[in-house]
Every structure is written in C-alpha cells, then in structure tokens.
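Report on the structure given below.
The values are calculated or read from the model by the stated rules, or taken from the named source; none is laboratory data. None of these values were measured; they are calculated from a predicted model. Reconstructed Cβ throughout: ideal geometry from the backbone, glycine too, with neighbour counts over all protein chains shown.
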Amino acid sequence: MHPVEISHISKSFGSTQAVSDVSFEVYKGEIFGLLGPNGAGKTTSIRILLDIFKPDSGSVSILGGSMTDAKKSRVGYLPEERGLYQDAPLEQCLLFFAALKGMDRKEALPRLNEYLDRFDLSAHRKKKIKELSKGMQQKAQVISTVLHHPELLIIDEPFSGLDPVNTQLVRDLFADLRKGGTTIIMCTHQMNLVEALCDRLALIHQGKDVLYGKLADIRRQYATGEVHLNLAGPLPELPGIAQIRTENSGYQLTLQPGVEPVEILQALAAQRAAVEKFEIAMPSLDQIFIEVVKATEEKAAA
C-alpha cells in the first residue's frame, strides 16, 4: 500500500463542481508534483486528502487508511497562504507549532536551532513574525512544516517569495528529507522546479486528472520528433529527415513520422560524421502543461 492513494474523488460546493474525477497514487520516498492551472481543483483535492473536506464520492487512503488524529502528527502541510502568528516571536511561534505535532520543548529546541542556523534565521529568533521579510517568513513557514520530521509532506508553492539562494536552500532540504524516506507532494506553478525535483506528476484541470505518470515518460510522449545536431564537418545526406533548420552552431532536424532518433545516429556513424552533439529535443514541462490544458478546454467546448 502506498502512502497516498486517491481513487475517483469528487466534491461539489453548491452548484460548483470543484473536483469531478481525480485519481492518483504517491509512492513512498518520492517527490510527486500535483499541478494544474488556478481553479483546477488542486487545493480541494489536498483538503480532501487531509480530511478537511469529505469527498462526495470516491475514496482516500493516507498512510495506510483513513486520516486519524494520530496520523496528523505524521503529516506536514505547507499551505500557499502563510499561517504564522504575526505578533509572536519567531522562536516561540515555531515551538508552538512543534507542540501541536506532539513535540515537547526539550525535543523541539535542538532541532529548531539546527533549522534556524541552516536557514540563516538564528539572529532573528526573538523578532516578531511581522518584523521579518517576506522571504524570511516563507523560510519560517517551511521550518514549521518540517520540524516534527513528517512521514508525508504536502507543500503548496513552497518557493514563493524566495530568492535563488534561499530557493536552493529549500530544494536541498526537500532532497535531504526525501533521502530520509519522507514522501513529498508538491504543488507549484514553477515548472522548472518540478522538472528538477519530481519523479512523477499528476496534472488536474477542470476537476479531473488529465495527465499522470513518470515525468520522463510524459516528456517522451510529447516529444516533437526533432534532433539537435552539431558537427565538426559538413552535414551528410541522411535518410528519414523531413526538414533541416540551421541553428547558431548546428542543425535542428525534424524527423519523418516513424523514424527514430537512433536511426539518424546510426546513419551518422556509418558515414563517420564528426558528431560533436546529438540531442533529442524534449519539450519543456511548461510546453506540455500549456498543450494539455488547451486541448482539454477545446475538447470541453466542442
């Protein structure tokens, strides 16, 4: 059994169908991307997962079954909206959240000290939350979510307000947690970070999962049949090429339908071409996201 198993959940609020048919599984120790445009149903799905909302239909299994009070201490949730107490000092606020997860001060304080040092917040521990910058508050929010070392971590736009240096600090933290066995569900609109961090993903649109699977498989599925090629000499005659376009220092080859890139590479090797670069063109996740969302909307309007 996987840490998260969601099967055909639906949820309506009055006449608004927020989620109509969403299913996905999250494997132990992976970083899973839960993606979708604004209003797609991601937040509702997360709240159903956390037992904040009850689904109208479908089933949810989290850490081996239904959500319980005991399991809530094994889960960390970072919402997109900050939830820290603005008038509380940073240290006091974070220790309070640790206590809510069942940690006493003796256990929590050494761990908090480590996180404050790691995120360059030690000098600010006595400041009120409202006195911290937006980036500092985001780092504090991250610490409040992971301080109890959750088995399952659900993070919504975790890099909001962070500069590149602090984005890397948070990325490194998530990588360390994953190595330690933590399962992570990440919601974000920053597709470059999904490509860098996630093993698998689900794309939700109009309340339904419209794309689901391994990131590498999805990119291959939407590959355009193009190859980027750099040569030290002239470009030889090659079979199976529909179009050739010159680039800054090489060529972009569009392959004929049914022709595989390995066939082009074999033809180049057979002619002893001086290949400096041979790269299969893969679409970015941004491109796939836009294509799938647009196709879903066109289908719904037809």
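The set of residues in the stretch 273-295 that are under 15 Å from Gln221 (Cβ atoms) and either in a loop (DSSP other than H, G, I, E, B) or touching an Asp or Glu at 6+ places or on another chain (Cβ under 6 Å) (or both) comprises Ala281, Met282, Pro283, Ser284, Leu285. Applying the condition of being modelled with pLDDT under 95 and of a type in the set (Ser, Thr, Tyr) to the stretch 15-37 and asking which residue is surrounded by the most Cβ atoms within 10 Å (Cβ to Cβ) yields Ser20.
Scanning the stretch 274-285 for residues that are within 16 Å of the chain's Cα centre (by Cα) and modelled with pLDDT under 90 gives a single hit, Ser284.
Applying a threshold of 7 Å to beta carbon distances and a minimum spacing of six or more residues, or different chains, the list of pairs starting in the stretch 282-302 at a residue that is in the same structural domain as Ile204 (by TED's automatic domain parsing) and in contact (Cβ under 8 Å) with a residue 40 or more places away in the chain and ending at one that is assigned to a helix (DSSP H, G or I) and acidic (Asp, Glu) is empty.
Filter the stretch 250-272 down to the residues that are within 12 Å of Pro234 (Cα to Cα) and either part of a loop (DSSP other than H, G, I, E, B) or touching a helix residue (DSSP H, G or I) at 6+ places or on another chain (Cβ under 6 Å) (or both) and list them by number. If you could, list the steps in order and put the result at the bottom.
Filtering the stretch 250-272 down to residues within 12 Å of Pro234 (Cα to Cα) leaves 250-251, 268, 271-272.
Within the stretch 250-272, Gly250, Gln271, Arg272 qualify.
Can you name every one of the strands (runs of 3 or more DSSP E) wholly within the stretch 127-224 that holds 2 or more residues which are among the basic types (Lys, Arg), in the same structural domain as Gly58 (by TED's automatic domain parsing) and in contact with a strand residue (DSSP E or B) (Cβ under 8 Å, 6 or more places away or on another chain)?
Values: elements: 152-156, 183-187, 200-205, 208-214.
Output list reads 208-214.
Listed here are the residues, each with its yes/no results for (1) polar (S, T, N, Q); (2) over 30 Å from Val22 (Cα atoms); (3) surrounded by 12 or more Cβ atoms within 10 Å (Cβ to Cβ).
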| position | (1), (2), (3) |
| --- | --- |
| Asp199 | no, no, yes |
| Arg220 | no, no, yes |
| His228 | no, yes, yes |
| Gln243 | yes, yes, no |
| Leu255 | no, yes, yes |
| Glu263 | no, yes, yes |
| Ala267 | no, yes, yes |
| Gln287 | yes, no, yes |
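Of all residues in the stretch 86-145, those satisfying the criterion of being closer than 16 Å to Leu162 by Cβ and aromatic (Phe, Trp, Tyr) are Tyr115, Phe119.
For the stretch 151-169, taking the residues that are buried (at least 21 other Cβ atoms within 10 Å of the Cβ) and of a type in the set (Val, Ile, Thr), the one that is farthest from Gln86 (Cα to Cα) is identified as Ile154. For the stretch 133-150, does any single residue satisfy the condition of being surrounded by fewer than 18 Cβ atoms within 10 Å (Cβ to Cβ), farther than 30 Å from Val26 by Cβ and of a type outside the set (Gly, Ala, Ser)? No - not one qualifying residue is present in the stretch 133-150. Residue pairs whose Cβ atoms lie under 6 Å apart, separated by 6 or more positions or on different chains, with the first residue in the stretch 3-17 and under 25 Å from Lys28 (Cα atoms) and of a type in the set (Phe, Trp, Tyr) and the second modelled with pLDDT under 95 and crowded, with 17+ Cβ neighbours inside 10 Å, do not occur.
Sort out which residues of the stretch 261-281 are touching a residue at least 12 places away in the same chain (Cβ under 8 Å), of a type in the set (A, V, I, L, M, F, W, C) and over 16 Å from Thr224 (Cα atoms), and write them in order of number. Answer for the stretch 261-281, where residues must be touching a residue at least 12 places away in the same chain (Cβ under 8 Å), of a type in the set (A, V, I, L, M, F, W, C) and over 16 Å from Thr224 (Cα atoms): Leu265, Ala267, Leu268, Ala273, Ala274, Val275.
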